[in-house]
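The values are calculated or read from the model by the stated rules, or taken from the named source; none is laboratory data. As the structure is a prediction and not an experimental result, all values here were calculated from the model. Here Cβ is always computed from backbone atoms with ideal geometry, including for glycine, and neighbour counts include all displayed protein chains. Just the protein is used for accessible areas: all its heavy atoms, side chains included, with ligands, DNA and RNA removed. Shrake-Rupley method; radii C 1.70, N 1.55, O 1.52, S 1.80 Å.
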Amino acid sequence: MNAELALISALNGASYGLLLFMLSAGLTLIFSMMGVLNFAHASFYVLGAYCGYQISQWIGFWSGLVLAPLAVGVCGAAVERYGLRALHAHGAVAELLFTFGLSYVIVELVQVLWGRPPVPYRLPPELDGALFTVYTVDFPRARGFVMLVAALILGALALMLRYSRIGMVIQAALSHSKTAETLGHDVPRIHMMVFGGGAALAGLAGAVGGALTVTEPNMGGPIGAILFVVVVVGGMGSLAGAFLASLAIGEIDAFAKVIDRSPADLAAALGAPIDSANPLYGVWSLTLSQAAPVLPFLLLVVVLLVRPRGLMGKREDR
């Protein structure tokens, strides 16, 4: 692989990884605060994309980028207040089943309102064209915009959790929820705000990612599966872990897609060719680009074998 291809692949992987982080950050906050593994999170991503599309049709893309996450966040807060809160006493299984069913309800609602075909959600003209040129390859402004938004989200979350009063209350409620409640903090209200904030982050990722890719009702399926890989690999409840895992998976995906080599090619180069009559020859002849979709799941298996808590997982049952 030449230096040009390596550098552009690294940049593409970083932009994809940062988009994953925007999604996984919300899910990580919800789990670390409430212990709820929200199966509807990818559906909030879909809802954010469609809300962004509809608002952009009315008053423009930039307004949609602000209002769509707010709308999805309000929906998320309502889900916690009038759905999850009533189920909390019945345990994690009831909450999981509720969010699993909610994911289907949101997708069906999207199809009722906007139909099954993709909608023409596009980035504004300001984000067309190249941001800069790497050797002879242009790096799109759109990908640079995704990286900028994700970096701003990361910085805002870090500052809020570390320095703001609400951030300190959230961190206190994370580790000592009963004590925080005894001191007069409304922990159920904090839960509602965190769930709404997590949904808003998913909505923001949808408003950005939907315009960058294709906005259609099933867009949350593939990224939703990768999202849970990110959260588990990073460590359940760890924002820093989710950030590292998102970047790692983004880079693995980007580099795998441009490497058209297989283990059989490597064996032949080392002078030990694999016999084509070997029953496993079909597996050994798979190129990395063909195996790219399953590589994140292989990473998940390796991490769970080596470090079951994930890269930076520290959460303990309370």
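One residue alone among Val72, Val107 is buried (at least 24 other Cβ atoms within 10 Å of the Cβ), more than 20 Å from Leu148 (Cβ to Cβ) and not hydroxyl-bearing (Ser, Thr, Tyr), and that residue is Val72.
Results for (1) open to solvent by 60 Å² or more (accessible area, probe 1.4 Å); (2) closer than 30 Å to Ile106 by Cα; (3) in contact (Cβ under 8 Å) with a residue 24 or more places away in the chain, shown as yes or no for each residue.
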site	(1), (2), (3)
Ala207	no, yes, yes
Met219	no, yes, yes
Leu270	yes, no, no
Leu288	yes, no, yes
Arg309	yes, no, yes
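Of the residues making up the stretch 40-52, those that are farther than 12 Å from Val79 by Cβ and within 16 Å of the chain's Cα centre (by Cα) number 5. When Gly64, Gly52, Gly35, Gly60 are screened for being of a type outside the set (A, V, I, L, M, F, W, C) and under 30 Å from Arg309 (Cβ atoms), only Gly35 passes.
Among the residues of the stretch 194-230, those that are among the aliphatic types (A, V, I, L, M) and touching a Cys at 6+ places or on another chain (Cβ under 8 Å) comprise Ala199, Ala207. One residue alone among Asn2, Asn38 is out of contact with any strand residue (DSSP E or B) (no Cβ under 9 Å at 6 or more places or on another chain) and surrounded by 24 or more Cβ atoms within 10 Å (Cβ to Cβ), and that residue is Asn38.
Restricting attention to the stretch 25-54, the residues being within 23 Å of Leu109 (Cα to Cα) and part of a helix (DSSP H, G or I) number 16. Just one of the listed residues (Ser9, Ser43) is open to solvent by less than 20 Å² (accessible area, probe 1.4 Å) and at pLDDT 90 or above, namely Ser43.
For the subset of the stretch 217-235 comprising residues that are modelled with pLDDT of 90 or more and more than 22 Å from Asn12 (Cβ to Cβ), which member is nearest to the chain's Cα centre (by Cα)? Among them, the one singled out is Asn218.
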